[in-house]
1. Going by what's in this entry, would Trp37 be described as surrounded by 14 or more Cβ atoms within 10 Å (Cβ to Cβ) and in contact with a Ser or Thr (Cβ under 8 Å, 6 or more places away or on another chain)?
2. May I ask you to list the residues in segment 129-143 that are closer than 16 Å to Val95 by Cβ and in a strand (DSSP E or B)?
3. For the condition in contact (Cβ under 8 Å) with a residue 60 or more places away in the chain and open to solvent by less than 30 Å² (accessible area, probe 1.4 Å), what is the one hit in Val99, Val103, Val95?
4. Identify the residue in segment 69-92 that is crowded, with 19+ Cβ neighbours inside 10 Å, at pLDDT 80 or above and not small (Gly, Ala, Ser) and, among all such residues, is farthest from the chain's Cα centre (by Cα).
5. Name the single residue that is most open to solvent (accessible area, probe 1.4 Å) among those in segment 132-170 being of a type in the set (Phe, Trp, Tyr) and under 22 Å from Gly22 (Cβ atoms).
6. Might you let me know whether segment 120-131 holds any residue that is more than 14 Å from the chain's Cα centre (by Cα) and open to solvent by less than 40 Å² (accessible area, probe 1.4 Å)?
7. Do any strands (runs of 3 or more DSSP E) entirely within segment 37-125 hold 1 or more residues that are among the aromatic types (Phe, Trp, Tyr), and if so, which?
8. With the checklist (1) in contact with a strand residue (DSSP E or B) (Cβ under 8 Å, 6 or more places away or on another chain); (2) free of Cβ contacts under 8 Å to residues at least 40 places away in the same chain; (3) of a type in the set (Asp, Glu) in hand, flag the one item Asp51 doesn't pass.
Amino acid sequence: MRLSIPFLLTFAARADWTDWRGPTQDGRTDAALPLHWTETQNVTWKTAIHDLGYSTPVVLGKQIWLTTAKKDGTDLYAVCLDADTGAVKAPYAQVDGPVRAFVSDGEGGWFIGGAFTHVHGLPRAYLAHILPNFQPDPNWAPDTDGEVYALARGGGRLYVSGAFDIIDYH
């Protein structure tokens, strides 16, 4: 089964949507979104995505991130799309659990958080840094003891929230 992701034209002129509930964490936007659309009206592009959709898209700059999963839930992927064309940027970041949060590292890569324990087979408990080549950063592996629900970056720091007691960075 393939998932088709329609992208609304008016949202293409968007502000960033950096979390599953949006930039203000309340599921609201000030953008003037259409009330109606069809297969062609108010749609900029459509892209077929492998397997099943598993998340709310996250938009930052010219990238759209979402997660997909095989029907049996054995493999999950963080998928990046080009916001202008809908083209899938490959390869996917393969994770073994849901990705709940994405935030840019400011240098073309991303920090991801969620309920996963491995990224591309490397141990990464609930928190990982994905480099611009879509591979996990081999030098960044904090040890987190619970799920990550939200990420933010500012002032050269990464802010992490979730159901954990510690983040131990070696």
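The values are calculated or read from the model by the stated rules, or taken from the named source; none is laboratory data. Just so we're clear, the structure is a prediction, and the values are computed from it rather than from any experiment. No Cβ is skipped: glycine too gets one built from the backbone with ideal geometry, and neighbour counts run over all protein chains shown. Note: accessible area is taken over every heavy atom of the protein model, side chains too, but ligands, DNA and RNA are not part of it. Shrake-Rupley method; radii C 1.70, N 1.55, O 1.52, S 1.80 Å.
1. Against the criterion (surrounded by 14 or more Cβ atoms within 10 Å (Cβ to Cβ) and in contact with a Ser or Thr (Cβ under 8 Å, 6 or more places away or on another chain)), Trp37 does not qualify.
2. Once the filter is applied, which keeps residues that are closer than 16 Å to Val95 by Cβ and in a strand (DSSP E or B), segment 129-143 yields His129, Ile130, Pro136.
3. Val103
4. Only one residue tops the list, namely Leu81.
5. Top of the filtered list is Tyr159.
6. Yes, because at least one residue in segment 120-131 is more than 14 Å from the chain's Cα centre (by Cα) and open to solvent by less than 40 Å² (accessible area, probe 1.4 Å).
7. It comes to 43-50, 63-69, 76-82, 88-95, 99-104, 110-114.
8. Asp51 satisfies every listed condition except (2).
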